[in-house]
Amino acid sequence: MIEFEKLLQENYLPLERYVKFKISNKHDAEDLIQETCLAATEKFSSLQNPAAFKGWLIGIASHKCNDYYRKKAKDMNISLDTLSESALTMGRQGITVQTTVRETLESLGDKEKQILYLYFFKNLSQEEIAKKLSVPIGTVKSRLHYAKEKFKQHYPCKSQKGETNMKKLPMILPAYKIERSELVPFAVLHEELPGMFVIPKKGETVSFGMYDMPERKQNGAYRLCVNGTIELHGIQGVSIQKEYNERSLKEETIVFAQLTDTHCKYLGGVYADENGNQKIITFLDPEFARDYGIGEDNCGFPTHRVPEGKITETGNQLTMLTDNDVSDIVGRYTVTIREISYDTVRLIDFQEGAQGGMLCEHYLDQNGRTILWRRFNRNDWAYNRYGKLWTEMFPENETLTVNGETYVHWYDCITDYIL
């Protein structure tokens, strides 16, 4: 316990500042500090790396603060019919955009604001909304569609920086062909930020589109620009501006990331909370692992990739050495899009998230850039939300078998790198 007492003494002041910053009531804050210290004492044996004590301690404090506000929230009884417009305010680009979105939402009817809140912020499925509002599912679908269309029609900031670049992305995903090659897979330096395709180096930019299957229609286009360097809790990284051609009601607009000699990883992000206030999540926050955590201890994605034999393939069947998160190069492929053929390796990234298993295919050229990206969901992924298996929702979509489980093709991404 001598080591614990020394570490606690060294980090007590940051703990005190953190809690008192988050809890305005002085007496409550002091109680939470003591509760944090007690919890840290009891859990100290579970901390494998003493060098991570500060972040670990702040993480415990964050949970205590969240529990504090969660308990207070139980005493509140807010009617959906009187829901304040501020609960839907999206201040992702700062006060100017925050004000503009508030004004846009004020132009909508109460039913539109209500259903946007339930769907985007409460993450309720359409079936759950129908039950909550005591209306038919068809009414929910039409009301949700109408509300989103009305928001887009009234929102004045349709011309955003980067829109010209994003216009190059087709509205319909071009037909492509993926052919297995007998050549040996090559090693590749893959420095792209996972899921965002931009290399986190100052001055880098990329635009990408997402396409639902089987319709192949674009459901969103994004432009990312690395606009400067930052230091976050003593860690050097970059700030990445994320822009949309179709504004989402629940996505971050600034991402913090770091590229090292061995890994590419997230450091955090900025988005708006339910009250329209900008919220920053960093690697010290407990929700970071859920939203941005990749790899053991959130180490990120390795950049130097060679086949390691963690995943093997036989046709459309994949076998993994573990059921936990794993990524590996599996095979060499020729990908043909718009009559241009690319020599690629297939990097498979498998994750067992809170909602179930999901699998992503990255087809990378010898420059380490994404030619084609495809997302597959385990058949029961997010079943509580959708109430159906993915084979029921998309019976015509391609499937893979992973360790005996069925995975269904969901959507694809391409970037302006190939355009």
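In the stretch 190-221, the qualifying residues are those that are part of a strand (DSSP E or B) and in contact with a Cys (Cβ under 9 Å, 6 or more places away or on another chain), and the one that is surrounded by the fewest Cβ atoms within 10 Å (Cβ to Cβ) is Thr205.
Applying the selection to the stretch 12-39, what residues are crowded, with 18+ Cβ neighbours inside 10 Å and either in a helix (DSSP H, G or I) or without any contact (Cβ under 8 Å) to a residue 24 or more places away in the chain (or both)? Write out each step before concluding.
First pass over the stretch 12-39, keeping only residues crowded, with 18+ Cβ neighbours inside 10 Å: 15, 18-19, 23, 29, 32-33, 36.
Of everything in the stretch 12-39, those that are crowded, with 18+ Cβ neighbours inside 10 Å and either in a helix (DSSP H, G or I) or without any contact (Cβ under 8 Å) to a residue 24 or more places away in the chain (or both) turn out to be Leu15, Tyr18, Val19, Ala29, Leu32, Ile33, Thr36.
When Asp380, Asp416 are checked against the criterion of being over 25 Å from Thr314 (Cα atoms) and either surrounded by fewer than 19 Cβ atoms within 10 Å (Cβ to Cβ) or not aliphatic (A, V, I, L, M) (or both), Asp416 stands alone in meeting it.
Going residue by residue through the stretch 178-194, is there one that turns out to be at pLDDT below 90 and on the phi < 0 side of the Ramachandran plot? Looking through the stretch 178-194, at least one residue is at pLDDT below 90 and on the phi < 0 side of the Ramachandran plot. Being in contact (Cβ under 8 Å) with a residue 24 or more places away in the chain and loosely packed, with under 12 Cβ neighbours inside 10 Å is the filter; apply it to the stretch 315-337 and report the residue that is nearest to Phe376 (Cα to Cα). Top of the filtered list is Asn316. Looking only at the stretch 369-402, residues that are out of contact with any strand residue (DSSP E or B) (no Cβ under 7 Å at 6 or more places or on another chain), free of Cβ contacts under 8 Å to residues at least 40 places away in the same chain and of a type in the set (Ser, Thr, Tyr) come to 1 in all. Filtering the stretch 40-83 to residues that are surrounded by 12 or more Cβ atoms within 10 Å (Cβ to Cβ), modelled with pLDDT under 80 and in a loop (DSSP other than H, G, I, E, B) leaves only Leu83.
Okay, residues lined up against (1) in contact with a Lys or Arg (Cβ under 9 Å, 6 or more places away or on another chain); (2) farther than 20 Å from Met196 by Cβ; (3) assigned to a strand (DSSP E or B); (4) of a type in the set (Phe, Trp, Tyr):
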{"site": "Gln351", "(1), (2), (3), (4)": "no, no, yes, no"}
{"site": "Tyr363", "(1), (2), (3), (4)": "yes, no, yes, yes"}
{"site": "Trp373", "(1), (2), (3), (4)": "no, no, yes, yes"}
{"site": "Trp381", "(1), (2), (3), (4)": "no, yes, no, yes"}
{"site": "Arg385", "(1), (2), (3), (4)": "no, yes, no, no"}
{"site": "Asn397", "(1), (2), (3), (4)": "no, yes, no, no"}
{"site": "Tyr411", "(1), (2), (3), (4)": "yes, no, yes, yes"}
{"site": "Tyr417", "(1), (2), (3), (4)": "yes, no, no, yes"}
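One residue stands out in the stretch 385-410 among those that are at pLDDT 95 or above and in contact with an Asp or Glu (Cβ under 7 Å, 6 or more places away or on another chain): the one that is nearest to Val330 (Cα to Cα), namely His409. Among Ile337, Ile294, which is aliphatic (A, V, I, L, M) and touching a helix residue (DSSP H, G or I) at 6+ places or on another chain (Cβ under 7 Å)? Step by step, each of Ile337, Ile294 is checked, and only Ile337 is aliphatic (A, V, I, L, M) and touching a helix residue (DSSP H, G or I) at 6+ places or on another chain (Cβ under 7 Å). Might you check whether a residue that is among the charged types (D, E, K, R) and farther than 20 Å from Leu183 by Cα occurs anywhere in the stretch 299-321? Looking for residues that are among the charged types (D, E, K, R) and farther than 20 Å from Leu183 by Cα, one finds none in the stretch 299-321, hence no.
Provide a single number: the residues in the stretch 313-332 that are in a strand (DSSP E or B), within 24 Å of Ile294 (Cβ to Cβ) and among the hydroxyl-bearing types (Ser, Thr, Tyr). Steps first, answer last, please.
Taking the stretch 313-332 and keeping what is in a strand (DSSP E or B), we get 313-314, 317-320, 326-332.
If we keep only those that are within 24 Å of Ile294 (Cβ to Cβ) too, we end up with 313, 318-320, 326-331.
Of the ones still in play, those that are also among the hydroxyl-bearing types (Ser, Thr, Tyr) are 319, 327.
Matching residues across the stretch 313-332 total 2.
Could you please let me know if Ile281 is closer than 23 Å to Glu182 by Cα and part of a strand (DSSP E or B)? No, not satisfied.
What tally of residues in the stretch 24-39 results from selecting those that are among the hydroxyl-bearing types (Ser, Thr, Tyr) and modelled with pLDDT under 90?
At the first step, the residues of the stretch 24-39 found to be among the hydroxyl-bearing types (Ser, Thr, Tyr) are 24, 36.
Of the ones still in play, those that are also modelled with pLDDT under 90 are 24.
Of the residues in that region, 1 qualify.
When only residues in the stretch 344-368 that are out of contact with any strand residue (DSSP E or B) (no Cβ under 6 Å at 6 or more places or on another chain) and not polar (S, T, N, Q) count, which is surrounded by the most Cβ atoms within 10 Å (Cβ to Cβ)? Filtering first and then ranking leaves Glu352. Of all the numbered requirements in (1) within 24 Å of Ile329 (Cβ to Cβ); (2) β-branched (Val, Ile, Thr); (3) buried (at least 19 other Cβ atoms within 10 Å of the Cβ), Val226 misses one, and that requirement is (1).
The values are calculated or read from the model by the stated rules, or taken from the named source; none is laboratory data. A quick note: this is a predicted structure, and the numbers were derived from the prediction, not measured. Please note: Cβ atoms are built from the backbone with ideal geometry, for glycine as well, and neighbour counts cover all protein chains shown.
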